[in-house]
1. Give me the extension gain from residue B:135 to residue B:371: residue separation times 0.36 nm, minus the current Cα-Cα distance, reported in nm with one decimal.
2. Please compute the modelled spin-label separation between residue A:328 and residue B:182, points set 7 Å along Cα→Cβ, answer in nm with one decimal.
3. Please list the three semi-axes, largest first and in whole Å, of the ellipsoid equivalent to region B:204-293, using sqrt of 5 times the eigenvalues of its alpha carbon gyration tensor.
4. With only alpha-carbon atoms counted, please give the Rg and Dmax of region A:55-126, in Å.
5. Can you grab the distance from the C-alpha centre of region B:369-419 to the C-alpha centre of region A:126-143, Å, no decimals?
6. Round to the nearest 0.05 the FRET efficiency obtained for residue B:400 and residue A:34 when R0 = 22 Å and r is the Cβ-Cβ distance.
7. Write down Rg/Rh for region A:267-353, rounded to two decimals, with Rg from the C-alpha atoms and Rh from the Kirkwood relation over Cα pairs.
8. Given 10 °C and 1.306 mPa s, how large is the Stokes-Einstein diffusion coefficient of region B:73-155 in µm²/s, with Rh as the Kirkwood radius over Cα pairs?
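Each reported figure results from applying straightforward, stated rules to the coordinates on display, with no laboratory input. As the structure is a computational prediction, the values presented were derived from the model and not from experiment. No Cβ is skipped: glycine too gets one built from the backbone with ideal geometry, and neighbour counts run over all protein chains shown.
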């Protein structure tokens, strides 16, 4: 009977091709294999976001009048609403953290080499989209901290030369953060970003599938031990996902995500207002810059620097690879260490100061 | 007399270029006390509005010849006598037409009030030792009241009044105490102004008046306090204490229990216990003493219940539980406590009963909410432990499955590396 059903689906969906692919897909086994898991963890956490976000949508109301109260309703009245919201918030942060780890593991294992340029570029765009999720989702509970942090974020965007004021106006839906901002952030967070991200995730994973897992340059060329994806790697990945789920559950239960106070646009900004941790390094850098460097505004210079850095980083497969196709390992590892150190140190300093 | 003067001053101020002020020019280069006014006047609010020395002292500021500038024929009066000062200031400050041009909302009855004050009456009787306008507002560097450097700014009023009223030698001949400012510095009103930065909280002039300064009379003490503490006064006026306190000497009204300058934060210790003010009049076991005991007990009980609820909610909140609704509700209980404290001033226990009952209900409701949140927290921890156990079992099972799958090296192959 089962074979019959399987055969029926096979005829229509060509499942045998997928089965064949699964049977032959392998994962290299070497000293850096463990870093392969972070891509999977990011994907798993994205799935958690989709599920918990959909559940939150049942109760959340994206208006200035009801936004905060609806989140409080979720936290206090809806059965396990607190758990869903806390998991959604914690998972968002862990997902961005896992994405950063995944990105740096690609850098240090030099997996951006041809033919994986598009995998790298799509990954960088995905990281940007995740940051966009974080920025837009942060405002939705409409509490005091998120309101003022968004104001700061929009002001930073506004100081971009030329297009800055237009970007800020489009983001805010007006001259200041208010009701139109909340509705458009909501639309971005639950519709625009998910659609683009989902398409890009599929593209990213298909590229990984097509090109296979990269092997670091230091692995001997004579031959490398490979593990079958199914069931060997799959079972390990399942273990890691379960572990991640346990960490998520523990964080949500022991440190439920705070709700704070309802946003009051007429109140003075809370003391020590600062963005989420993943924007702290940039925020702290902008704070450190003098008001003017020569004749250029300090903030402008900082933003231009970040822009150049982001473009340069996305072009890593161009400047990080020799004509022969080999990675410039020393240069890229050096830049990677410098960038990672900068992000860690400035995030900590931004948190402490 | 004033009208022609206005016709002279106002057009001169409004429609002409500021003339060179030779009083300031000459006195600035002099030495000693005669120079001081010329240096101080730069901070003066009148000077900033175009007035000059001559507007008070008379004379002709346009002339650099002293014999012309300070000629009596030009109206020069020199240093006005202390007795003449209030009238000199009133020349402008009692003129609605003139004041409207500079400070449209400023009162113009200061001089009239001053004449009703103890200061004004004594000055009229020939006692030049009392305060006139310049003793409080300063002389040549008169600043706006809102200016923090003005001696009549709320933050400087106690010092300004205290300069004379804390001077035992100066006050000796009047037979009035000199500890008012010292006591005021221990009061809740001083705390509100100087520690809390609430400039609307009372200083000396809030109760005594400023220009019409005189002590509140026995029958007006409650009215003075009631100008801010409205409900307290209304209840007190209908209370059995009102006729008794008013008939008694030594002040009466609110100060019988709360004192006057050194008013401290009230507590139930005023009702019950060794420092109870009620016990000063009511013998133990009398109806009055029993009522005080009952009211004190109620307030203590409600205060303790609300504090307990607050602590439980704070504990729940620090455990990450969302209890903001209960915390908001608890504020209503605090309101009930305040209502009960207000109702106390009717000195009828039954008036307090309703807010006390309402407050206790809120305390109970919020306590239950806090306890439920703590229980929920334990449930979450338990749930976490159970789910962690299941996850651990699954992970171990997966690990065992992997080991069994790979027992004979199954699932591993060696192939040439990809990039």
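1. Values: separation 236, 0.36 × 236 = 84.96 nm, distance 6.18 nm.
Once the chain is fully extended between residue B:135 and residue B:371, it gains 78.8 nm.
2. Taking the two extended label points, one gets 8.3 nm.
3. 26, 14, 12
4. That works out to 18.5, 53 Å for Rg and Dmax.
5. 29
6. For residue B:400 and residue A:34, the calculated efficiency is 0.65.
7. Details: Rg = 16.4 Å, Rh = 15.1 Å.
That ratio equals 1.09.
8. Working: Rh = 14.0 Å.
It diffuses with D of about 113 µm²/s by this estimate.
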